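K.L.:
Pasting in a structure now, in structure tokens, and then I'll have a few things to ask.
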Amino acid sequence: MFDLKDLYQEVIIDHNRSPRNFGKMDSPDRTLEGFNPLCGDRLTLYLKMGGEQIDDISFDGSGCAISVASASMMTDAMKGKTAKEAEEIFNNFHELVTTDGSNVDSDKLGKLAALAGVREYPTRVKCATLCWHTLHSALEGEQTPISTE
Ligand code: FES
């Protein structure tokens, strides 16, 4: 049985209650929507790039607590990162939530490691990775909304 208490570490509760970087950005360089058709949740990611670097990033939309907390923590972690660094963190995060985590470089993850518990709940993995797949596609210049299915 899925028990929210198993997942809800303090940092996740905090990011869900007070999402960081929440809101539409004025004149973003890139905008991309991510959609989870299983539940209907969607988020939009806004990026301001300085060459290869993510100068600013924000999101809005509506989603479950895990998807909001994950997007909040991801946007916090991505400011000032290059697209290559973002990709490395994404790969580590994906490994964290889809495997036993033995190959994860936790130094690269920081607070994001709090989401490790979602690996026990496959539907929640989609909640936690929705924002990441959206970021990955936005950095690749994709403009078509992405879907978790
Ligand atoms: Fe919809 Fe989590 S239930 S993204």
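K.L.:
Given an 8 Å cut-off on Cα distances and at least 6 residues of separation, report the relative contact order of the chain as a percent.
P.N.:
About 30 percent, as a whole number.
K.L.:
Still on this structure, please answer the following. Using Cα centres only, tell me the gap between the range 18-39 and the range 117-149 in whole Å.
P.N.:
So the two Cα centres are separated by 12 Å.
K.L.:
How far is it, in nm, from the label point at Thr99 to the one at Ser27 when both lie 7 Å from their Cα along the line to the Cβ?
P.N.:
Here the modelled spin labels are 4.3 nm apart.
K.L.:
Can you give the FRET efficiency to the nearest 0.05 for Arg17 and Glu120, using r as the Cβ-Cβ distance and R₀ = 25 Å?
P.N.:
Between Arg17 and Glu120 the formula returns 0.60.
K.L.:
Quick one: net charge around Ala71, please, counting Lys, Arg +1 and Asp, Glu -1 for every other residue with C-beta under 10 Å from its C-beta.
P.N.:
-1
K.L.:
Here's another thing I want to ask about it. Over the Cα atoms of the chain, what radius of gyration and what Dmax do you get, in Å?
P.N.:
14.1, 46
K.L.:
What is the sum of charges, Lys and Arg at +1 and Asp and Glu at -1, for the other residues whose Cβ falls under 13 Å from the Cβ of Asp29?
P.N.:
-2
K.L.:
Could you give the length gained by full extension between Lys84 and Ala65, i.e. 0.36 nm per residue of separation minus their alpha carbon distance, to one decimal place?
P.N.:
4.0 nm
K.L.:
May I pose another question? Calculate, for the range 17-70, the solvent-accessible area per residue in square angstrom, rolling a 1.4 angstrom probe over the heavy atoms of the protein chains.
P.N.:
So the range 17-70 comes to 48 Å² accessible per residue, rounded to a whole number.
K.L.:
On the protein heavy atoms, probe 1.4 angstrom, tell me the percent of accessible surface of the chain carried by carbon and sulfur.
P.N.:
46 percent
K.L.:
A further question follows. Tally Lys/Arg at +1 and Asp/Glu at -1 over every other residue whose Cβ is under 11 Å from the Cβ of Asp105; what's the total?
P.N.:
Net of charged neighbours comes to -2.
K.L.:
Which pairs break 21 Å Cα to Cα here: Lys81/Lys108; Lys24/Lys126; Lys24/Lys108; Lys81/Lys111; Lys81/Lys126; Lys24/Lys84?
P.N.:
Lys24/Lys126; Lys24/Lys108; Lys81/Lys126; Lys24/Lys84
K.L.:
Also, quick follow-up: Under unit Cβ charges (Lys, Arg +1; Asp, Glu -1), what dipole magnitude, rounded to 20 debye, does the chain have relative to its Cα centre?
P.N.:
320 debye
K.L.:
Follow-up question, since we're still on this one. Once the piece of chain linking Cys39 and Asp76 is laid out straight, how much longer is it, given 0.36 nm per residue of separation minus the C-alpha distance between them?
P.N.:
Length gained, Cys39 through Asp76: 10.8 nm.
The values are calculated or read from the model by the stated rules, or taken from the named source; none is laboratory data. Nothing here was measured: the structure is a model prediction, and the numbers come from that model. Backbone-built Cβ (ideal geometry, glycine too); neighbour counts: all protein chains shown. When the accessible area is computed, the model is the full protein with side chains, heavy atoms only, and any ligands, DNA or RNA have been set aside. Shrake-Rupley method; radii C 1.70, N 1.55, O 1.52, S 1.80 Å.
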